[in-house]
Amino acid sequence: MIKALRGMKDIEDPRFLKIFDTAREIAENYGYSYIETPILEETSLFKRSVGESSDIVNKEMYQFIDKGGNDVCLRPEGTAGVVRSFIEHKYDRQQTPKRFWYFGPMFRYERPQKGRLREFHQFGIESFGEPSIYEDINIIALAADIFDSLGIDYTLKINSLGCSVCMPEYRNKLVEFLNSHKEELCEDCQRRITQNPIRTLDCKQQSCQEILKDAPKITDNLCENCQKDFETLKKGLENLGISYEVDKNLVRGLDYYTKTTFEFVSTEIGAQSAICGGGRYDRLVEFLGGKSTPGVGFAIGVERILELVKTDEIRDGIYMGAMLDEALPFIQKEAKKLRHNQKVFVETKTKSLKAHLKAADKGGYKKALIVGEEELKEGKFFEKEL
Ligand code: HAM
C-alpha cells in the first residue's frame, strides 16, 4: 500500500477551513490583501534571506536540481517568496505601504514529532514600508485577534534584537563572552560563535543555557532609538490589553530579523509550543536587491493550532432523504431550490424514515426533510427539526 510520506498528512478536519476563514477575515479587516507566491523557488532566495547558518537552510531544505539544471527548493517559509515578489513587481520603488496575507504549505525536512511536520501550513502576513513601531503593535494585535476569535489561549513573548547601530556592538560583547566559555559550550554553539553568535542564546542544551544565563543580553545593550521603540511596543500592547512577557533570549531561527521579535506560545500542545512567530526585517528587501524598505510580519503554524480550535456543536444545514427511488428526482429538484442560501445534503440511497433521521442526526444537520410514498403524492416533505 502506498502511504503518505513521513511527516506529511491528509487534512480532513473542518477546523482547518475555520482557521483559514477566520484569519482571512481578520487580515482583510486590517487592510491586508491576499498574495500567493510559488511553492518552488530558487534555492539561493532562502540561502540569502533565511540564512546559510540557520538550521532551516543548513539541514531542512527540500532541495533539488530540476530538469533544466536549476537549483530549486520547496519553500520552507513564506516571507522570502513574498519579499522576492515585492521586489520583482517593483513595489519597493513606490515607497507606499503594502500589506499582504497568505496561507499555504511550507516544507522542512525535520525529524517528525508531535507538532512538527515536514509539510505544514502557515497563515502569514507581511507589511512593507512602515518603519513605525506602531506597525509592530498592529500586527501583534492582528495575530492576537485571530487567536481570540478561535478561542485559543496563548502567551506572547517579545524581544528586541536591535538595529544596525546597536547590534554590531552587542555582537562583539557576546562573542567576547562566548570565547571566554568556548570549551564549556556544545559543538553547535562553538560553531555559532563565528557563524551566528546570537543563535547561541536559544540553544536547547541545558549546559549551554546555564552558561548563557550570565551572557550579555541585547535588550540591555540597545541604542537610544531601539530602547525607545521597545518601550513604546510594550506600552502599545498594554494599551490594547494584550499581555506579554519579555524573553531576552528570543532570537528566532531565521537570520533576517532586526529590532522586534515575538512568538505566541501555547502550553496545551507539548514541546513544539510556538504557534506563531514573527518580527521586523528592515534590511531584508535591500539585502535581496530591492530599494531599502522596512518590513514586519508573522506566520501562524496552522496544524499546531488545529486541535486548540474550539468548535461549538452548532447544527447546520438540511438533510434530504427518499424512502423510495421514485422520490429521488423530486428531492433533487427541491434541493436545488433550497441550496442557493443554505447547505443541503441529498442522500441518494433510499432508506426507512428511522434510518434517515438517524443519519441526519449523526451528520450534524439541523433539519431533516424526508419523502415517502404519501409525501411524494402530495408534493410535500416529512419535516423534523434535529
Ligand atoms: P517560523 O517561526 O519558522 O517563522 O514559523 C512560524 C510558525 O510555523 C511556527 O511558530 C510554528 O507554529 C509553525 N511551524 C514551523 N515549523 C513547523 C513544522 N515543522 N511543523 C509544524 N509547524 C511548524 C517563519 O516561518 C517566518 N517566515 C515568520 C515571519 C513572517 N516572520 C516575519 N514574517
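The values are calculated or read from the model by the stated rules, or taken from the named source; none is laboratory data. Note that the structure is a prediction, hence the values are computed from the model and not measured. Positions of Cβ are backbone-derived with ideal geometry, glycine not excepted, and every protein chain shown enters the neighbour counts.
None of 22, 37 is assigned to a loop (DSSP other than H, G, I, E, B) and either of a type in the set (Gly, Ala, Ser) or assigned by TED's automatic domain parsing to the domain that holds residue 287 (or both) except 37. Once the stretch 85-120 is narrowed to residues that are assigned to a loop (DSSP other than H, G, I, E, B) and touching a helix residue (DSSP H, G or I) at 6+ places or on another chain (Cβ under 7 Å), the residue that is surrounded by the most Cβ atoms within 10 Å (Cβ to Cβ) is 117.
Inspect all residues belonging to the stretch 253-265 and state whether any of them is outside any strand (DSSP E or B) and touching a strand residue (DSSP E or B) at 6+ places or on another chain (Cβ under 7 Å). For the stretch 253-265, residues outside any strand (DSSP E or B) and touching a strand residue (DSSP E or B) at 6+ places or on another chain (Cβ under 7 Å): present.
None of 125, 139 is out of contact with any helix residue (DSSP H, G or I) (no Cβ under 9 Å at 6 or more places or on another chain), within 11 Å of the ligand (Cβ to nearest atom) and under 15 Å from residue 260 (Cβ atoms) except 139.
The single residue among 67, 59 that is within 16 Å of the ligand (Cβ to nearest atom), among the basic types (Lys, Arg) and surrounded by fewer than 16 Cβ atoms within 10 Å (Cβ to Cβ) turns out to be 59. Exactly one residue out of 49, 44 is free of Cβ contacts under 8 Å to residues at least 60 places away in the same chain, among the small types (Gly, Ala, Ser) and assigned to a helix (DSSP H, G or I), and it is 44.
Inspect all residues belonging to the stretch 295-304 and state whether any of them is outside the structural domain of residue 21 (by TED's automatic domain parsing) and aromatic (Phe, Trp, Tyr). Looking for residues that are outside the structural domain of residue 21 (by TED's automatic domain parsing) and aromatic (Phe, Trp, Tyr), one finds none in the stretch 295-304, hence no. Being within 16 Å of the ligand (Cβ to nearest atom), more than 21 Å from the chain's Cα centre (by Cα) and outside the structural domain of residue 47 (by TED's automatic domain parsing) holds for only one residue in 213, 217, 204, and it is 204. Only a single criterion out of (1) of a type in the set (Val, Ile, Thr); (2) free of Cβ contacts under 8 Å to residues at least 60 places away in the same chain; (3) assigned to a loop (DSSP other than H, G, I, E, B) is not satisfied by residue 72, namely (3). None of 75, 93 is more than 11 Å from the ligand (Cβ to nearest atom) and either assigned by TED's automatic domain parsing to the domain that holds residue 30 or small (Gly, Ala, Ser) (or both) except 93. Where helices (runs of 4 or more DSSP H) fall entirely within the stretch 308-381, none has at least 3 residues that are of a type in the set (S, T, N, Q) and at pLDDT 95 or above. In the set (1) in contact with a Ser or Thr (Cβ under 9 Å, 6 or more places away or on another chain); (2) within 25 Å of residue 103 (Cβ to Cβ), the condition left unmet by residue 30 is number (1). Quickly run through the stretch 124-179 and pick out the residues that are in a loop (DSSP other than H, G, I, E, B) and aromatic (Phe, Trp, Tyr). 154, the sole residue that qualifies.
Restricting attention to the stretch 53-69 and to residues that are hydroxyl-bearing (Ser, Thr, Tyr) and in a loop (DSSP other than H, G, I, E, B), the residue that is nearest to the chain's Cα centre (by Cα) turns out to be 54.
Condition first: surrounded by fewer than 21 Cβ atoms within 10 Å (Cβ to Cβ), more than 8 Å from the ligand (Cβ to nearest atom) and part of a helix (DSSP H, G or I). Can you find one or more residues in the stretch 270-282 that meet it? The answer is no; no qualifying residue exists. Checking 160, 207, 164 one by one, the residue that is small (Gly, Ala, Ser) and modelled with pLDDT of 95 or more is 160 and no other.
Consider residue 240 carefully, then state whether it is more than 21 Å from the chain's Cα centre (by Cα), assigned by TED's automatic domain parsing to the domain that holds residue 81, closer than 23 Å to residue 150 by Cβ and aliphatic (A, V, I, L, M). Taking the combined requirement at face value, the residue satisfies it.
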